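For reference, the structure is listed below as structure tokens.
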Amino acid sequence: MTQPVFRFAPSPNGRLHLGHAYSALLNDALARRLDGRFLLRIEDIDITRCRPEYERAIYEDLAWLGLHWEKPVRRQAEHFSDYGAAFQVLKGRGLVYPCFCSRRHIAEKVEVIEAQSGKAWPRDPDGAPLYPGICKGLSSEEVARRIGAGEPHAWRIDSEAVRKRSPGPHTFTRFSPDGDEEVVEADPWRWGDTVIVRKDVPTSYHLSVVVDDALQGVTHVVRGQDLEAATDLHVLLQELLGLATPLYHHHGLILNPGGDKLAKSRKSEALFELRARGVTAAEIRQKLGFAP
């Protein structure tokens with residue numbers, strides 16, 4: 001029987017808050033309950049926002065909470081070659097295409113389409129308009145010329161080509177902390193031709209997390225409900241790349257008094273600030289429903 005493997009994978013682009021603490025503690029608690037392993041992964045592909053001091057703070061905060069993890073810690077910025085290899089598989093099968101559009105260009109195109117049709121253009125689960133295929137019909141000559149000229153470009157999943165190769169149904173197993181399991185059908189098509197390799201870095205969150213989970217042997221992915229929709233796309237990528245699909249659990253989010261989820265962008269109170277106010281790690285654990 002395979003030993004269960006759990007992971008907590010924060011990005012060092014700000015200080016950890018109570019929401020991060022809950023996710024880390026839940027992964028650790030479930031790993032202990034199932035006699036599994038607990039890994040820490042640093043998701044630092046965003047080289048413009050991630051900083052060494054935030055990474056050091058992650059280790060400090062988690063140790064303060066009483067957590068222990070296996071070493072060495074996998075840092076995504078050290079493994080771009082792994083993500084590049086996975087991308088080449090998709091590219092070699094004709095499942096991706098380059099996109100030279102800016103967000104503004106896409107927004108303007110969508111506005112024109114909506115004005116002409118009188119209908120709202122569909123959005124992805126994150127609320128962004130589905131890509132309207134502006135670059136999808138470019139000739140190979142124009143693509144080669146623009147790439148050769150050094151024009152910035154991303155790479156998008158060609159959902160039409162993917163659907164012909166892998167129509168589905170695409171499924172994954174959802175589990176609960178109590179041990180219940182159910183098979184869920186994914187809907188990756190609601191993401192449209194989503195970006196799989198960004199302009200600024202040679203990968204994306206979606207591609208990196210799928211490759212990392214496979215390489216690290218992760219069997220149970222435990223993360224917040226805000227990432228539940230992304231699982232549809234991850235399941236599709238796992239199938240296209242021939243990777244195992246872990247079990248998934250998407251836990252509830254810790255909310256602020258106004259009912260919004262805690263977030264670095266909202267300047268939610270960080271763990272180090274709570275610590276500075278004299279709050280103890282035992283109090284944090286108890287507040288979040290874990291044994292001190």
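Read-outs throughout are calculated quantities, based only on the coordinates presented, and are distinct from any laboratory measurement. As the structure is a prediction and not an experimental result, all values here were calculated from the model. Please note: Cβ atoms are built from the backbone with ideal geometry, for glycine as well, and neighbour counts cover all protein chains shown.
Distance cut-off 19 Å, Cα to Cα: go down the list K91/K136; K71/K287; K261/K287; K136/K199; K91/K199; K136/K164 and report the pairs above it. Write out the running numbers ahead of the final one.
Details: K91/K136 14 Å; K71/K287 28 Å; K261/K287 17 Å; K136/K199 16 Å; K91/K199 16 Å; K136/K164 16 Å.
Exceeds cut-off: K71/K287.
Determine the relative contact order of the chain: mean sequence separation of Cα pairs under 8 Å and six or more apart, normalised by residue count, in whole percent.
Working: 416 pairs, mean separation 67.5, N = 292.
Relative contact order of the chain: 23 percent.
Determine the relative contact order of region 4-104: mean sequence separation of Cα pairs under 8 Å and six or more apart, normalised by residue count, in whole percent.
On the way: 108 pairs, mean separation 30.5, N = 101.
Relative contact order of region 4-104: 30 percent.
Taking the number of other C-beta atoms within 10 Å as the exposure measure, put S204, S140 in order starting with the fewest. Mind dumping the intermediate values first?
Details: S204 20, S140 7.
By the 10 Å Cβ count, ascending, the order reads S140, S204.
Can you tell me what the convex hull of the Cα atoms of region 79-252 projects to on average, as an area in nm²? Spell out each step's value before the answer.
On the way: hull surface 45.8 nm².
The number I arrive at for region 79-252 is 11.4 nm².
Taking the alpha-carbon set of the chain, what are its Rg and Dmax in Å?
20.5, 64
Average projected area of the Cα convex hull of region 189-253, in nm²?
Numbers: hull surface 19.4 nm².
Averaging across all directions leaves 4.9 nm² for the Cα convex hull.
Mind checking which of E111, E160, E55 has the largest fluctuation in a GNM of the chain, springs on alpha carbons under 10 Å?
E111
Rg and Dmax of region 197-292, Cα atoms, in Å?
So, for region 197-292, Rg and Dmax equal 17.1, 50 Å respectively.
Give me the Å³ per residue figure for the convex hull around the C-alpha atoms of region 1-155. List each step's numbers first, then the result.
Numbers: hull volume 30.5 nm³, N = 155.
Expressed per residue, the convex hull around the Cα atoms of region 1-155 is 197 Å³.
Hey, with R₀ at 41 Å, roughly what FRET efficiency would D124 and T2 work out to, going by the Cβ-Cβ distance, to 0.05?
Numbers: r = 33 Å, r/R0 = 0.82.
It comes out at approximately 0.75.
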